[in-house]
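One structure below.
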Amino acid sequence: MKVLAKMKMGCMDLLFPPVCGSCGVRLAVGSPAKLCPDCTSNIRFLREPLCPICGMEQLDRPGGHGHLCGACLTTPPSYDLARSLVRYETAVRQLVHKLKFGGDTSVAGALADLALRADLSLFADCHVIVPVPLHRLRLRGRGLNQAAVLARLFFAGRERTILPDGLIRVRNTVAQTELRGIDRRKNLKNAFRLNRSFQPDRSIVCLVDDVFTTGTTVEACSRVLKNHGAREVRVITLARASMTGGGR
Ligand SMILES: [Zn+2]
Ligand SMILES: [Zn+2]
């Protein structure tokens with residue numbers, strides 16, 4: 001790096017000391033890291049073996065590949081596959097919370113670093129990338145859709161294939177986190193529709209969301225896309241909550 005650029009960066013660090021994107025603790029001046037060592041060590045990427053459909057970790061089956069989890073065996077989802085980058089644990093929960101409810105885009109650096117470390121090859125041939133939408137009233141309240149921010153971080157350089165309004169949330173439902181099982185499904189009944197200008201026929205669509213808990217939200221979106229002729233729906237979320245898929 002040129003000396004002047006280095007000096008400028010040092011001055012910026014002194015004026016605005018870098019902080020951990022998750023817990024907010026101060027980082028060393030000039031540090032390229034976006035997270036403190038504690039938060040970094042708290043982040044765990046999902047590891048094989050995974051359920052080939054929903055992507056749930058199957059750590060009780062070491063060495064096993066290609067086994068469907070119980071939920072996918074009994075109730076196969078309409079999406080073709082779902083994968084998540086990391087487990088939804090403390091440091092990631094704080095990152096998501098800051099992004100979602102604080103409109104704090106300063107976490108974007110830390111999230112971009114995670115996205116860079118992820119293997120997104122399963123999504124390389126997707127024709128169109130659609131973030132799970134917020135209802136327009138919630139979007140107005142928050143100022144951003146966290147799924148759309150994540151779509152741009154995961155697929156940097158493919159912005160032209162991202163359709164932030166491909167799906168529309170027509171009902172301002174209560175937060176899924178406050179509900180369980182069947183109530184989650186009821187809550188999202190007819191909650192999404194396709195934007196009339198979007199024709200997914202025969203396309204491979206990538207759906208993006210922040211957290212996969214039981215998969216009910218992405219399942220509701222996927223059904224709309226499949227009902228309108230999408231050939232495949234592949235789901236990518238930043239994090240995966242450690243629940244079984246049984247809540248579908
Ligand atoms: Zn931290
Ligand atoms: Zn599964």
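Between ASP38 and ARG142, the C-beta separation translates, for a Förster distance of 30 Å, into a calculated FRET efficiency of about 0.60. When the square roots of the Cα gyration tensor eigenvalues are ordered a ≥ b ≥ c, the ratio a/c for the range 45-247 is under 1.5, which makes its shape rounded.
Assuming 0.36 nm per residue, please report the length gained on full extension of the stretch ARG202 to ASN172 beyond their Cα-Cα distance.
Details: separation 30, 0.36 × 30 = 10.80 nm, distance 2.94 nm.
7.9 nm is the gain from fully extending ARG202 to ASN172.
Of the cross-linked pairs LYS34/LYS226; LYS98/LYS189; LYS98/LYS186, those separated by over 31 Å at the C-alpha level are LYS34/LYS226. Take the Cβ atoms of ASN195 and PHE101, set R0 to 41 Å, and the FRET efficiency comes out at 0.95. Sorted fewest first by neighbouring Cβ atoms within 10 angstrom, SER203, SER84, SER31 come out as SER31, SER203, SER84. Ordering ALA220, HIS97, ASN187 by the projection of their Cα atoms onto the charge dipole of the range 45-247, which places +1 on the Cβ of Lys and Arg and -1 on the Cβ of Asp and Glu, puts ASN187 at the extreme positive end.
Out of the range 145-238, which trypsin sites (Lys or Arg not before Pro) are coil in DSSP terms and have no more than 11 other C-beta atoms within 10 Å?
ARG180, LYS189, ARG196, ARG202
Give me the net charge of ALA110's neighbourhood, meaning all other residues with Cβ under 10 Å from the Cβ of ALA110; Lys, Arg count +1, Asp, Glu -1. For residues surrounding ALA110, the net value is +1.
Backbone geometry of the range 156-171 corresponds, through the Karplus equation with coefficients 6.51, -1.76 and 1.60 at θ = phi - 60°, to 3J(HN,Hα) couplings of 4, x, 10, 4, 5, 9, 8, 10, x, 10, x, 10, 10, 8, 8, 10 Hz, x marking Gly and Pro. Among the trypsin sites (Lys or Arg not before Pro) in the range 26-92, those placed in a DSSP loop whose Cβ has at most 11 other Cβ atoms within 10 Å are ARG47.
Starting from 0.36 nm per residue, how many nanometres of slack lie between THR75 and GLU159 once their C-alpha separation is accounted for? Don't jump to the answer; show the numbers that get you there.
On the way: separation 84, 0.36 × 84 = 30.24 nm, distance 3.38 nm.
So the chain would gain 26.9 nm between THR75 and GLU159.
Just so you know, all these numbers are worked out from the coordinates, no wet-lab data involved. Predicted model only: the values in this text are computed from it and were never measured. FYI the Cβ positions are ideal-geometry reconstructions off the backbone, even for glycines, and counts take in every protein chain you see.
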